[in-house]
Structures are given as structure tokens and as C-alpha cells.
Amino acid sequence: MVDIGTLSLIVLLGMFALLAIGMPLGFASAFLAVVTLSLKFPPDLLWGDFGRGPMSVLGQAVYRQMTNYVLISVPLFIFMAALLERSGIARDMYSSLNVWLAQVRGGIAVVTSVMAVIMAAMSGIIGGEVVLLGLIALPQMLRLGYDQNLAVGTICASGSLGTMIPPSIVLIFYGLVTETSIKALFTASFLPGFMLASFFLIYIVVRTQLQPSLAPLPPIVEGQPRGGQKGLMFLGFLSRFMLWVTGVLLVRAVFFTLTGDNAIRDGQDPIPLGMVSDIPWIVGTGVLCVLLILLVVGRERTAKGWDMGRGLIAPIVVIGVVLGSIYGGITGITEAAGMGVIAVFVIGLARREMTFDIVWDSLIRTLRSTGTIIWVTIGAAALAAAYTLVGGPTYVANLIVGADLPTMGIILVMMFVFLIMGMFMDWVGIVLLIMPVFLPIVLRLPAEEIGFMSSIDARFIPIWFGVVFCMNMQVSFLSPPFGPAAFYLKSVAPAHISLTDIFKGFLPFIALQLVALSVLLIWPPIVTLFL
């Protein structure tokens with residue numbers, strides 16, 4: 001039998017060797033799982049009692065992962081992203097955002113980032129966002145003379161925001177593996193995700209103001225509203241949209257009141273915006289919207305603003321259906337994903353864009369993407385189970401804790417490991433292989449010593465560590481040599497843009513991601529503000 005230290009080294013070097021020769025991560029992990037057990041246990045014990053020996057652990061681990069109900073949400077979110085990509089919803093959203101921000105310095109890049117945030121809040125799928133932005137935004141930025149590095153970096157960095165902004169597939173997998181509340185993870189990642197997005201927006205605005213040559217202003221279109229007129233039209237659009245929202249909320253609250261479902265009962269939380277006490281506030285908001293339209297904006301400007309912003313309505317509805325049903329306590333993660341698919345499908349039918357070819361192509365894309373994720377999950381789950389059985393996590397934990405590092409020193413070592421592994425491995429494998437080793441170590445650390453400037457409640461450590469892990473994976477999507485975002489964009493970029501050019505455009509945005517990661521380490525309570 002091989003000792004656990006040597007076995008750990010064999011697994012690590014074997015993983016890099018198999019990935020280097022081109023073996024898919026799922027098959028490499030599964031192969032190393034069998035190797036691990038074969039080196040640790042004698043053949044008669046391993047193979048002598050079929051279905052009862054150590055090898056049966058692999059099947060049990062895979063079965064446990066594959067029968068988890070929440071896992072169904074992954075193909076549903078992928079299917080929703082594919083439908084959004086193929087339909088005209090995303091293109092109309094880009095056009096509407098472009099109308100409002102086109103005459104701002106760096107406005108096209110800002111529009112691209114804002115669109116990426118909205119897309120992330122709808123589906124949480126990274127690859128589809130980068131490809132879609134590459135098809136829609138990149139040609140326009142290059143045509144207007146935007147700096148190539150700025151355009152490429154904006155698209156890939158913003159397109160990978162689905163890692164952080166809920167409903168994030170990475171957070172779903174983390175919650176599955178660590179048995180952490182996915183709803184709590186979504187709530188905790190909300191502020192850090194939008195903080196990172198704001199870093200991107202601030203960087204774009206500041207840099208284009210300091211170097212105007214990076215983002216020339218587009219030519220002024222005759223008759224296009226500008227300045228204060230455009231602001232009033234946007235206010236009119238928001239007022240009219242909120243009027244529809246308050247109308248729906250009012251009908252909902254009245255329905256709950258008539259049926260008695262919103263009666264106050266012990267042990268039950270009140271229905272969000274559905275109680276009798278909420279009706280006056282809903283009516284007051286609706287009246288305010290009417291007054292803004294009639295007395296401030298005017299009906300004509302409101303009508304024009306509505307036409308200019310029409311493309312934003314469908315995405316906002318999808319976000320409301322998905323996140324509203326989760327945070328409103330109406331459904332779980334899986335059901336919300338299904339409702340999101342139905343919402344996109346119905347909107348596409350109403351717009352007469354949902355053809356059989358689009359649905360079939362979206363299903364094929366979903367099958368391919370889900371198949372890749374599932375095989376990686378199977379292989380990584382098997383390797384994690386085998387390594388756990390031979391005592392690997394305990395060995396690594398004793399190795400790290402025995403190094404006599406301070407608490408934040410241990411955390412920084414883990415961050416370094418995440419960043420290095422993210423350069424070579426898919427995030428699914430990292431979640432399944434590394435997290436069962438690292439999270440128990442973090443849970444053993446004193447909570448009052450986690451954070452450089454403030455500590456965190458011990459109850460929220462698994463949630464905080466999940467958000468920090470996702471921020472690391474955000475960096476991994478841009479990290480050479482295997483940064484997935486670069487290859488997604490290269491598949492749709494013009495031929496003169498090489499992979500080297502794409503990675504060169506990433507550098508400022510990787511620095512911003514590391515700054516955001518530092519904020520989570522310096523001040524951990526930023527993750528728990530909404531919990």
C-alpha cells in the first residue's frame with residue numbers, strides 16, 4: 001500500500017499529466033479515482049466482494065450527486081440562456097440600452113457591461129453571454145473605433161459576471177457539494193457581484209474620460225433626443241413600467257386578501273408585498289407614477305420613452321420571474337429555473353420569434369453543455385469520494401494547519417491554490433475535488449480571526465467561503481493559459497484578433513477582480529449584509 005502523502009502527490013501530478021495530454025477532466029478524474037483505491041487497498045479487498053468493497057463508494061458518490069433534485073436546475077438555466085441567445089430578446093435589450101447611453105463617452109462599453117449584468121441575472125451561464133456579447137457588441141465597438149483591448153476585456157470580463165450574480169450555476173454546485181443553503185448563497189453574493197460589476201463600469205468611465213481616444217463618440221443622429229429631454233423620456237419609461245408593476249401587485253394583494261391567504265398566522269412569514277398593510281403603499285406608488293407622467297414628463301414624452309425602452313421590458317420580466325419567485329418564497333431554485341424557461345418561451349411566442357428551429361437548436365446546445373458538466377461531475381465526485389476514503393482530506397488539513405500559519409495566512413494559501421487550479425481546471429472539478437478538503441479546514445478556524453479589518457459570524461462562514469470561491473472562479477475565467485472566456489470570444493471574433501490579443505485585454509479586468517477578492521478578505525461582513 002502507498003502512504004497518503006505519496007498518494008496525494010500521485011493524484012496531483014497525475015491530474016496535470018492527464019490534462020496536459022488532452023484527456024477530458026471527467027475521464028481523468030474517474031481514472032485517478034480507480035488508481036487511488038488500487039494503490040491503497042489490496043486487490044482481494046478491492047475486487048473480491050463486488051458491490052460491497054471500497055470500489056462501491058464510487059458508485060454511491062456518483063448516485064448521490066446525480067439524484068440531487070437541485071441539479072435539475074442546471075440544464076434548465078442553460079436551456080433558458082440558449083433561448084435568450086437565439087431569440088431577439090437580447091438584441092432588443094442591447095438596442096434599448098444603446099439608445100439611452102450611446103452619446104456618453106465609452107457608452108457602448110458601458111451598455112455592454114450593463115447588458116452582461118442583466119443577462120447574468122436572467123440565466124447565470126457564462127459561455128453564452130460572452131458569445132452573445134461578442135456577436136452583438138464587439139463589431140459595433142470596433143466599427144466606432146474603440147480600443148481593441150478595452151472592447152475585448154469589457155466583453156469577456158462582463159460576460160463572466162454570471163459566476164457571481166445570482167442565479168449562478170457555480171453557487172448552485174457549491175451549495176450542492178457543501179449542503180449550504182443556495183438561497184442564502186444567492187442573497188450573500190448579490191452585493192459582491194454588483195460591486196464587481198460597478199468596478200468594471202467605473203473603470204470604463206474613468207479610463208475613457210482620461211483617454212478619450214480609446215472610445216470615440218458616435219456621430220449624432222438627427223432628431224435623436226439628447227440631454228434633459230432624454231432624461232425625461234427615461235423617467236417616463238420608468239413611471240409607465242412601474243405603473244404596470246403596481247397594477248399587478250395590487251391585483252395580487254387584493255386576491256390574497258379576498259382568499260384570506262395573507263392573514264397573519266403564528267410561525268408563518270408575511271407574504272412579501274401581498275399583505276393588507278401593503279395595499280396603501282402600492283396604491284400610493286401607482287398614483288405617484290401617474291402624477292409623474294401627467295405633470296412632469298408628459299404623455300408624448302412618455303410614449304416616446306416607452307418605445308425607446310421597450311427592449312428592456314422582457315429581460316426585466318424574466319429576472320422578476322426567476323429571482324422574484326426565489327426571494328419571494330414562492331418556489332425553490334429548480335422550480336424558478338423552470339418558470340424562467342416558460343417565461344422566455346412565452347415571451348418569444350408573443351414576439352413571434354420562437355420557432356421550432358430555435359427551440360431544437362437550444363435543446364441540442366443544452367444537451368451538449370449539460371453532458372459536459374455531468375461527466376465532469378461524475379468523474380470529480382468519484383475522485384473526491386476515493387480520496388476521502390483513503391484519508392486525503394485529513395492529511396491535507398493536518399498539513400495546512402500544521403504549517404503553523406495565522407488564520408488569514410491559511411486563507412491566503414487557499415486563495416492561491418484556487419487561482420492556480422483555476423488556470424488549468426474547470427470550476428466544476430474544483431468544487432467537487434477541492435471544496436470537501438478546504439471547507440472543513442475553514443470551519444475549524446476561529447471565526448473572529450477571519451478577515452483583516454473585521455470578523456464574521458461563525459454561522460455564515462460556509463456562505464462567505466462560497467462567495468469568495470466564486471470570486472476566485474471569476475478570475476479563472478480570464479486567467480491564461482486556459483481562460484474559457486478567451487476561447488468563447490475567439491470563436492466569434494474577427495480573424496485578426498488572436499488569443500494573445502484577447503488575453504492582453506484581460507489584464508486590467510483581472511486586476512479589478514483581484515481588488516474585489518481583496519475586499520471580501522479584508523471586510524467579510526460585506527457578504528452577510530443582506531442575510
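The values are calculated or read from the model by the stated rules, or taken from the named source; none is laboratory data. Keep in mind it's a predicted model, so treat the numbers as computed, not measured. As a convention, Cβ positions derive from the backbone with ideal geometry for all residues, glycine included, and neighbour counts pool all protein chains shown. Side chains included, ligands, DNA and RNA excluded: accessible areas come from the protein's heavy atoms. Shrake-Rupley method; radii C 1.70, N 1.55, O 1.52, S 1.80 Å.
Listed values, structure above:
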quantity	calculated
Residue count for the range 479-528, restricted to those that are open to solvent by 10 Å² or more (accessible area, probe 1.4 Å) and not in a helix (DSSP H, G or I)	13
Any pair with Cβ under 7 angstrom, 6 or more apart, that starts in the range 267-296 at a residue that is open to solvent by less than 40 Å² (accessible area, probe 1.4 Å) and ends at one that is of a type in the set (Ser, Thr, Tyr) and at pLDDT 85 or above	Ile282/Thr246; Gly286/Thr246; Cys289/Ser239; Cys289/Thr246; Ile293/Ser239; Ile293/Thr302
Tally of residues being modelled with pLDDT of 85 or more and either open to solvent by less than 10 Å² (accessible area, probe 1.4 Å) or over 21 Å from the mean Cα position of the chain (by Cα) (or both) across the range 84-119	7
Cβ-Cβ under 7 Å pairs, at least 6 apart or on other chains, the range 380-397 side in contact (Cβ under 8 Å) with a residue 60 or more places away in the chain, far side open to solvent by less than 20 Å² (accessible area, probe 1.4 Å) and part of a loop (DSSP other than H, G, I, E, B)	Leu389/Pro54
Residue match in the range 122-140 (condition: touching a Leu at 6+ places or on another chain (Cβ under 7 Å), assigned to a helix (DSSP H, G or I), open to solvent by 10 Å² or more (accessible area, probe 1.4 Å) and at pLDDT 85 or above)	no
Residues satisfying the stated conditions in the range 9-38, i.e. at pLDDT below 85, among the small types (Gly, Ala, Ser) and over 20 Å from Ala61 (Cα atoms)	Ala20, Gly22
One residue from Gly284, Gly298 being modelled with pLDDT of 85 or more and at positive phi	Gly298
Any hit, the range 421-429, residues being surrounded by fewer than 19 Cβ atoms within 10 Å (Cβ to Cβ), in a helix (DSSP H, G or I) and either among the aliphatic types (A, V, I, L, M) or without any contact (Cβ under 8 Å) to a residue 60 or more places away in the chain (or both)	no
Helices (runs of 4 or more DSSP H) contained in the range 233-342 and holding at least 1 residues acidic (Asp, Glu)	299-308
Hits in the range 63-78 - residues which are part of a helix (DSSP H, G or I) and open to solvent by 30 Å² or more (accessible area, probe 1.4 Å)	Tyr63, Arg64, Gln65, Met66, Tyr69, Val70, Ile72, Pro75, Leu76
Number of the condition not met by Glu179 [criteria: (1) closer than 27 Å to Gly320 by Cβ; (2) open to solvent by 50 Å² or more (accessible area, probe 1.4 Å)]	(1)
Positions within the range 446-478 being open to solvent by 20 Å² or more (accessible area, probe 1.4 Å), more than 24 Å from Ala386 (Cα to Cα) and of a type outside the set (Phe, Trp, Tyr), in sequence order	Pro446, Glu448, Glu449, Met453, Ser454, Ser455, Asp457, Ala458, Arg459
